[in-house]
1. Identify the residue in the stretch 24-41 that is touching a strand residue (DSSP E or B) at 6+ places or on another chain (Cβ under 9 Å) and of a type in the set (Gly, Ala, Ser) and, among all such residues, is nearest to residue 119 (Cα to Cα).
2. Out of all the residues in the stretch 123-155, which are of a type outside the set (Val, Ile, Thr) and open to solvent by less than 30 Å² (accessible area, probe 1.4 Å)?
3. Tell me which of these residue 76 doesn't satisfy, since it passes every other one: (1) at pLDDT below 75; (2) surrounded by fewer than 15 Cβ atoms within 10 Å (Cβ to Cβ).
4. Which of the residues spanning the stretch 129-146 are more than 12 Å from residue 42 (Cα to Cα), touching a residue at least 60 places away in the same chain (Cβ under 8 Å), within 16 Å of ligand 2 (Cβ to nearest atom) and not in a strand (DSSP E or B)?
5. Taking the stretch 24-56 as the search range and keeping residues that are within 14 Å of the chain's Cα centre (by Cα) and over 18 Å from residue 128 (Cβ atoms), which one is surrounded by the fewest Cβ atoms within 10 Å (Cβ to Cβ)?
6. Looking at this structure, is residue 120 more than 16 Å from ligand 2 (Cβ to nearest atom), exposed (fewer than 15 other Cβ atoms within 10 Å of the Cβ) and modelled with pLDDT of 95 or more?
7. Quickly run through the stretch 12-23 and pick out the residues that are exposed (fewer than 15 other Cβ atoms within 10 Å of the Cβ) and of a type in the set (D, E, K, R).
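The values are calculated or read from the model by the stated rules, or taken from the named source; none is laboratory data. Computed from a prediction, not measured in an experiment: that's the story for all the values here. In this analysis, Cβ positions are derived from the backbone assuming ideal geometry, glycine residues included, and neighbour counts consider all displayed protein chains. With ligands, DNA and RNA removed, areas are computed over all heavy atoms of the protein, side chains included. Shrake-Rupley method; radii C 1.70, N 1.55, O 1.52, S 1.80 Å.
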Amino acid sequence: MDEEIRIPVSLPLDSDGFLRRECPSCEREFKWFSHNEGDPNAEPATQYFCPLCGEPSGLDSWWTPAQLEYGYGSAGGAIDQVVKDAMSDLFKGMKGFTYKPNSSFSLDIETPDSLVEPDDMVMVEPPCHPNEPLKVPEDSTSRVHCLVCGTVFAV
Ligand SMILES: [Zn+2]
Ligand SMILES: [Zn+2]
């Protein structure tokens with residue numbers, strides 16, 4: 001069993017199509033625009049700059065605690081099934097041993113309620129990368145870093 005298991009989790013966007021993010025450096029929240037897959041306007045990047053503190057981080061390090069919890073919860077059912085399958089495969093290969101899948105066996109991960117994304121924060125557009133708009137808390141608009149290049153701008 002060395003195959004990677006990928007479980008798609010869809011996170012809610014607000015009504016403008018923004019996804020809530022949390023900076024791993026300053027732990028404050030903002031939102032970035034969620035481009036559709038294959039959107040030619042999406043800026044190719046290997047890291048993003050926090051609009052609030054300007055610290056760069058890898059693309060996968062911006063989950064809010066609620067999103068992580070939601071992701072694990074949604075993945076729970078799928079992981080459960082993979083574990084069950086793996087166990088029955090394992091026991092099938094053993095001589096003189098019968099494994100009866102026990103339907104009550106479960107990792108006991110609850111599927112969480114859907115996340116709701118409120119329409120809060122102020123939309124700002126970096127002059128250097130207007131195709132990557134952001135939403136930041138109202139009190140943070142006087143000094144915002146561009147998500148893509150880190151350049152500071154004010155609204
Ligand atoms: Zn930050
Ligand atoms: Zn920029």
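1. Of everything passing the filter in the stretch 24-41, 34 is nearest to residue 119 (Cα to Cα).
2. 126, 132, 133, 134, 135, 140, 145, 146, 147, 150, 153
3. Among (1) at pLDDT below 75; (2) surrounded by fewer than 15 Cβ atoms within 10 Å (Cβ to Cβ), the lone unmet condition for residue 76 is (2).
4. Result: 146, single match.
5. Of everything passing the filter in the stretch 24-56, 24 is surrounded by the fewest Cβ atoms within 10 Å (Cβ to Cβ).
6. Yes, satisfied.
7. Passing the criteria: only 16.
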